[in-house]
Structures are given as C-alpha cells and as structure tokens.
Amino acid sequence: MVEGWRTGTHSYALVNQAQLREMGGRSDIRVTHRDLAPPGEPDGTPTARPDDRAVSTPAHVAGDIADVAYRIAAPFDLTASEHARRTVVFLTTEHHYMPDVLMAGGKPFAEAYRSSDAHLVTPSDWSRDGLIASGADPTRVTVVPLG
C-alpha cells in the first residue's frame, strides 16, 4: 500500500505517479493507494476529480492491513502506518542534512528516527549520506535511483 500524493505538480507527486506505474505493471505484488492531503490542502480536498488521476491505482480499503506501507509525502512522517505491518518512507536530503522544518510536527529528524522502525528510501548516495549524517542507521537506508 502506498500512502502519498497522486495529483498536483509537487516532485513527490510526480515520483509517486512514476513509481505507481512501475509497481502496477508487476504481477508479483498487489498495490493499493491511500491519498494523503497534498501541500496547501490540509483538509485533504482533492486537486482533481477521480477520473482525472494520472494513475488509477485502486484505493486502499479501510481496515485492510498491508504487508508494507510506502509513504511518499512531506512533511516527512516516520511513524508507523496503522494500515500496514511495516513502514517505508521515501525522502531526500537536498542540502546533505535533514532540516527539522521538513519533519512532521517539527520533530528533529534524529529524534523521530530513533523512535521509529521505518526503513528509508532515498534517490541518491548524496541523499543517503545526508540521512546518515543526520542520524540514520546505514542498514535502514536504501538508495533507489529515479529515472
């Protein structure tokens, strides 16, 4: 199950769309999606009608527990998803460190990370190094290049 944005022009929405297309083409996994409120829309008001979605991944069914929740949205939330057994969070460190302002609730990255079991996915070695410098365990960070 993917938790994130599928609409709008934010880079994370575009990455999510591309990754959903890739995952949707695989027969060995079943992908569902749970839309999170996009930036600037704290009430969760959708930016597009359902028939306008670039990716038509089935909605996650309330009450179902997925094997993995793959979260791709900001601010970065490292808490465990209540909809899955494991949580994986996509994030980047564009300045080679993780500013607190980018974390959910403004909680410092190192503190949020220490209280989390989430595995992190990031698109580059540069970003991985920034996560490690910010307090992440290298064994819980995986690089998945974009493109």
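The values are calculated or read from the model by the stated rules, or taken from the named source; none is laboratory data. Since this is a predicted model, take the numbers as computed values, not measurements. Cβ placement follows ideal geometry from the backbone for every residue including glycine, while neighbour counts extend to all protein chains displayed.
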So, first residue exposed (fewer than 14 other Cβ atoms within 10 Å of the Cβ) in region 59-76, second residue among the hydrophobic types (A, V, I, L, M, F, W, C) and part of a strand (DSSP E or B), Cβ within less than 7 Å, six or more apart or across chains; the pairs are Ile65/Ala84; Asp67/Ala84
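This table checks each residue for (1) in contact with a strand residue (DSSP E or B) (Cβ under 8 Å, 6 or more places away or on another chain); (2) charged (D, E, K, R); (3) modelled with pLDDT of 95 or more; (4) under 20 Å from Tyr12 (Cβ atoms).
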| residue | (1), (2), (3), (4) |
| --- | --- |
| Ser81 | yes, no, yes, yes |
| Arg85 | yes, yes, yes, no |
| Met103 | yes, no, yes, yes |
| Pro108 | no, no, yes, no |
| Ala136 | yes, no, yes, yes |
Scanning region 1-32 residue by residue, those out of contact with any Ser or Thr (no Cβ under 9 Å at 6 or more places or on another chain), among the β-branched types (Val, Ile, Thr), at pLDDT 90 or above and not in a helix (DSSP H, G or I) turn out to be Ile29
Residue within region 81-102 that is small (Gly, Ala, Ser), over 23 Å from Gln19 (Cα atoms) and surrounded by 16 or more Cβ atoms within 10 Å (Cβ to Cβ) present: no
Okay, strands (runs of 3 or more DSSP E) sitting entirely in region 53-147 with 2 or more residues that are small (Gly, Ala, Ser), I get 66-72
By residue number, the members of region 107-136 that are among the acidic types (Asp, Glu), in contact (Cβ under 8 Å) with a residue 24 or more places away in the chain and over 14 Å from Val88 (Cβ atoms) are Asp129
